[in-house]
Amino acid sequence: MKLLKSLTRRALFTAALIGVAAGAQARSFEDIKKDGKIVIATEGQFAPFNFFQGAKLTGFEVEVAEAVAAKMGLKVEWKALSFDALLTGLRQDRWDMVIASHGITEERAKAVTFTEPHYCSGGVIITKNPAIKTAKDLAGKVIAVQTGTTYQENVKKVSAVKEIKNFPQDTDARAALASDRVDAWVTDRFVALNSLQANPAAGLKMGDFLFIERIASAVAKGNTGLAGEINKGLAAILADGSYAAISKKYFNDDIRCK
Ligand code: ARG
């Protein structure tokens, strides 16, 4: 018993040390400035926000991040990884910043520091069946979502859903709906619009918002100096028309939070 207690205490102590060390290791804005480039991670499978055009990483968030970095006087080194690795990698100091359409949630804010939001959106219901439109209509249905997203979290809150099918990529969740393996797919409104436009023959229909959210980039927990500089850069592109131009190019609309 005593041994167990002391082991537990030691494990807790080690965990605390690792936590502190991870925070301490995160590169400050000054370190990054000296280096001249910021390392940014994204997924690259969430069009039109972050995706690959052939071998080239592109998208609304890629262009916004590059414009922000330019205001900060920095070049960008991009990393593309699976969605579930992104925030974890911040804690291990494998990159300086993540931009991958993360909604600001209380749970995530315990582990990372969010910047100001770069757009506002929400999760919508997409189906082939026009009778499924609202949260209520999801009762008894099988729903596809990307693992670890706010879509998964919010579908869990809907009562009487028959089954939630989780997919590592949002594109797999969409494919499950396209091939009738599920009744509905919940994803971002702009991702849904993009996919409906790209493939009108698929017969997908967009229903109601399930929830709305503010989307932001993230830095290592407590790296407030870096977050502050990113916020300044973001404010600058929101003010000088460059954000508006990028947003118009992708959405024919200005999607900043109002
Ligand atoms: N907005 C959702 C969330 O906060 C989904 C983000 C998905 N991003 C991606 N790159 N697949 O969880």
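Remarks
- Kirkwood hydrodynamic radius of the range 152-258, Cα pairs, Å: 16.8 Å
- Bridging of residue 221 to aspartates and glutamates at a Cα separation below 18 Å is possible for 30, 31, 84, 93, 96, 106, 107, 116, 229, once same-chain residues fewer than 8 apart are set aside.
- Counting neighbouring beta carbons within 10 Å and listing from fewest to most, the residues 88, 127 come out as 88, 127.
- Other-chain or far-sequence residues with amide H under 5 Å of residue 81's (modelled H): 42, 43
- Residue order, fewest to most beta carbons within 10 Å, for 214, 256: 256, 214
- Over the Cα atoms of the chain, the radius of gyration divided by the Kirkwood radius equals 1.02; this is the Rg/Rh ratio.
- Comparing 65, 235, 220 in a Gaussian network model of the chain (Cα springs below 10 Å), the most mobile by mean-square fluctuation is 235.
- Electrostatic tally near residue 82: other residues with Cβ closer than 14 Å to its Cβ, Lys and Arg +1, Asp and Glu -1, net -2.
- Under 24 Å of direct C-alpha separation, and excluding same-chain neighbours fewer than eight residues apart, residue 258 reaches these lysines: 71, 232, 248, 249.
- Placing a label point 7 Å from the Cα of residue 52 along the Cα-to-Cβ direction, the residues of the range 169-203 with a backbone N closer than 20 Å are 169-176, 195.
- Residues whose amide H falls under 5 Å from that of residue 207, counting only those 5 or more places apart or on a different chain, are 125, 126, 127, with hydrogens built in the peptide plane.
- Kyte-Doolittle at least 0.5, axis length at least 15 Å by Cα - qualifying DSSP helices, the chain: 2-25, 60-71, 224-239
- Built amide H within the under 5 Å cut-off of residue 118, gap 5+: 215, 216, 217
- Remark: the range 130-136, residue by residue, has Karplus-estimated 3J(HN,Hα) of x, 7, 9, 10, 10, 4, 4 Hz, where x stands for each Gly or Pro and the curve is 6.51 cos²θ - 1.76 cosθ + 1.60 at θ = phi - 60°.
- Highest mean first, the peptides 169-178, 142-151 sorted by other C-beta atoms within 10 Å per residue fall in the order 142-151, 169-178.
- Cβ crowding within 10 Å, taken as a proxy for footprinting-reagent exposure, orders 121, 28 from fewest neighbours to most as 28, 121.
Each value in this text was obtained by applying a stated rule to the coordinates, not by laboratory testing. What you see is a predicted model; the values in this text were computed from it and never measured. FYI the Cβ positions are ideal-geometry reconstructions off the backbone, even for glycines, and counts take in every protein chain you see.
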